[in-house]
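The structure under discussion appears below in the form of structure tokens.
The values are calculated or read from the model by the stated rules, or taken from the named source; none is laboratory data. Keep in mind it's a predicted model, so treat the numbers as computed, not measured. Cβ placement follows ideal geometry from the backbone for every residue including glycine, while neighbour counts extend to all protein chains displayed. Areas reflect the complete protein model, heavy atoms only, side chains present, ligands, DNA and RNA absent. Shrake-Rupley method; radii C 1.70, N 1.55, O 1.52, S 1.80 Å.
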Amino acid sequence: MTTLKFPENFLWGGAIAANQAEGAYLEDGKGLTVVDLLPTGEKRFDIMRGYISSLTPLPEEFYPAHEAIDFYHRYAEDIALFAEMGFKALRVSISWARIFPTGEDAVPNEAGLAFYDRLFDELLNHNIQPVVTLAHFDVPVHLIEKYGSWRHRKLVGLFEMYARTVLERYRNKVKYWMTFNEINMLLHLPFLGAGLVFQEGDNVKQIQYQAAHHQLVASALAVKACHELIPDAQIGCMLAAGSFYPYTCNPEDVYQGMEKDRESYFFIDVQSRGEYPGYARRFFRDHQLDIVMEPEDAQILKNNTVDYIGFSYYSSRTTSTDPEVIKNMTSGNVFGSVANPYLQASEWGWTIDPKGFRITANQLHDRYQKPLFVVENGLGAADEPAADGTIQDDYRIDYLQRHLAEMREAIEDGVDIIGYTSWGPIDIVSASSGEMRKRYGYIYTDRDNEGNGSLERSRKKSFDWYKQVIASNGADL
Ligand code: BGP
């Protein structure tokens, strides 16, 4: 049995997002974004789904994004820890409202541009490649108030202006870009993903798919700008991936599994192939959706497809047409998955399926025949310090070990995977729950769900484990 290995220049690292790490939510001119309006607790979910009453933070609420883990001021210390682990890449996002506080300012905010200059310089000083997401759940609130966010065509031009500004500014520092984080999340958490707010009586599907069209055109224009401004860079899309399994071999279940996969693949089909697939056009007809497209849109989409497929993988999904089974729907899953009786789940109800990682990677490879980039994977767990104060996160090592082993099998299957940036290499705010308690990191951050703590960083057991994985280029899993 040959020792399976990873490609020589495999991009090992980690991934964070501005809104879940930076804090400093109004510092140096930054404007309010979607996540600055997301409290923790029960109401968070309804707001993320597009039902929000106030577009200004309420004094009586705690908003975890306001300070997050203060990465804005502590990035040098954190990057030194990532460099100690041997990171080759760090995925970060640029907060749109640091660059254009309202989203439509006549000139960009120099203090915001300067922050990301400092951040990228610090990374490059440690030989860590920045991998940059243009939009990671942080639409400027002003664009929601004035235009209703992505439901309005205006956002296409404003996003292109933002993309061109940062691509031009960082063209000598950033060679890996991606456009919209988990673009398919627009269908499940439309306020989080696209700043969409719904009123009683709205045709939600019409608004969502019109907004999706605007994001797809904006994404293609960002691809165009990247290819013009940074010829030696690569720019990708980003999918919340995880194949659907049919609960039984009943063709109804199998067909529904295909439909559910296509619900997500639709976005990537457009971004990677450059046109709307037939099944999407039929979906629009069947649901009487009238998606307004400008005459130039078809060419924009066709001529500006992505260089690679970025995706997150946390778990596979399972679907059933049997009402008896459906009532088992897992609470923590936004994709409408039912529990898989063959698999365990995390404390937050996310199915744990390493084999599903190999299945999903192979299916994406077969479908798109483009390089893949795993830009999120990891286990959210409530780490508790042991008596000696250390975090013995063997459960996280186990999760990651089993997933990396399956990813290595996928590479051996012929799947071209260029890198792996595990989600939350340092504990940051959970997007879905707003909790700090849902920890992913190799590095512990001393902060709790209510914002208490010193913000001090400390190494968990998995820190040295991942350091060795990288040092051995995946040989020592
Ligand atoms: C993905 C997001 C990330 C991150 C991750 C973990 O959906 O792209 O921003 O949040 O999920 O999820 P959570 O933080 O909800 O545990």
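Tabulated values for the structure
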quantity	calculated
Residue, farthest from the ligand (Cβ to nearest atom), within the stretch 434-444, restricted to residues that are hydroxyl-bearing (Ser, Thr, Tyr) and open to solvent by 20 Å² or more (accessible area, probe 1.4 Å)	Tyr444
Residue within the stretch 395-406 that is among the β-branched types (Val, Ile, Thr) and in contact with a strand residue (DSSP E or B) (Cβ under 9 Å, 6 or more places away or on another chain) present	no
Selection within the stretch 15-44 - touching a residue at least 60 places away in the same chain (Cβ under 8 Å) and open to solvent by 30 Å² or more (accessible area, probe 1.4 Å)	Asp28, Gly29, Leu32, Thr40, Gly41
Residue list for the stretch 294-340, restricted to those being outside any helix (DSSP H, G or I), open to solvent by less than 30 Å² (accessible area, probe 1.4 Å) and among the aliphatic types (A, V, I, L, M)	Val306, Ile309, Val338
Condition check for Val197: over 28 Å from Asp117 (Cβ atoms), open to solvent by 10 Å² or more (accessible area, probe 1.4 Å) and of a type in the set (Val, Ile, Thr)	yes
When residues of the stretch 130-183 are limited to those that are assigned to a loop (DSSP other than H, G, I, E, B) and over 20 Å from the mean Cα position of the chain (by Cα), the one nearest to the ligand (Cβ to nearest atom)	Tyr170
Hits in the stretch 451-472 (condition: open to solvent by less than 30 Å² (accessible area, probe 1.4 Å) and not in a helix (DSSP H, G or I))	Gly451, Leu455, Arg457, Lys460, Ser472
Which numbered condition Glu376 misses (of (1) more than 16 Å from the ligand (Cβ to nearest atom); (2) crowded, with 21+ Cβ neighbours inside 10 Å; (3) acidic (Asp, Glu))	(1)
Residue in the stretch 423-433 that is of a type outside the set (Asp, Glu) and without any contact (Cβ under 8 Å) to a residue 60 or more places away in the chain present	no
Subset tally (residues that are within 16 Å of the ligand (Cβ to nearest atom) and in contact with an Asp or Glu (Cβ under 7 Å, 6 or more places away or on another chain)) for the stretch 445-474	2
Test: residue in the stretch 357-365 that is open to solvent by 20 Å² or more (accessible area, probe 1.4 Å) and either closer than 30 Å to Leu155 by Cβ or in contact with a strand residue (DSSP E or B) (Cβ under 6 Å, 6 or more places away or on another chain) (or both)	no
Complete set of residues in the stretch 294-331 that are within 16 Å of the ligand (Cβ to nearest atom) and touching a strand residue (DSSP E or B) at 6+ places or on another chain (Cβ under 8 Å)	Ile309, Gly310, Phe311, Ser312, Tyr313, Tyr314, Ser315, Ser316, Arg317, Thr330
Qualifying residue in the stretch 271-293 (condition: away from the ligand (no atom under 16 Å from the Cβ), within 19 Å of the chain's Cα centre (by Cα), more than 23 Å from Gly424 (Cα to Cα) and part of a helix (DSSP H, G or I))	yes
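Residue by residue, here is whether (1) within 30 Å of Phe87 (Cβ to Cβ); (2) more than 22 Å from the chain's Cα centre (by Cα) holds:
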{"position": "Gly13", "(1), (2)": "yes, no"}
{"position": "Ala17", "(1), (2)": "yes, no"}
{"position": "Val35", "(1), (2)": "yes, no"}
{"position": "Pro39", "(1), (2)": "no, no"}
{"position": "Ser53", "(1), (2)": "no, yes"}
{"position": "Pro57", "(1), (2)": "no, yes"}
{"position": "Pro64", "(1), (2)": "yes, no"}
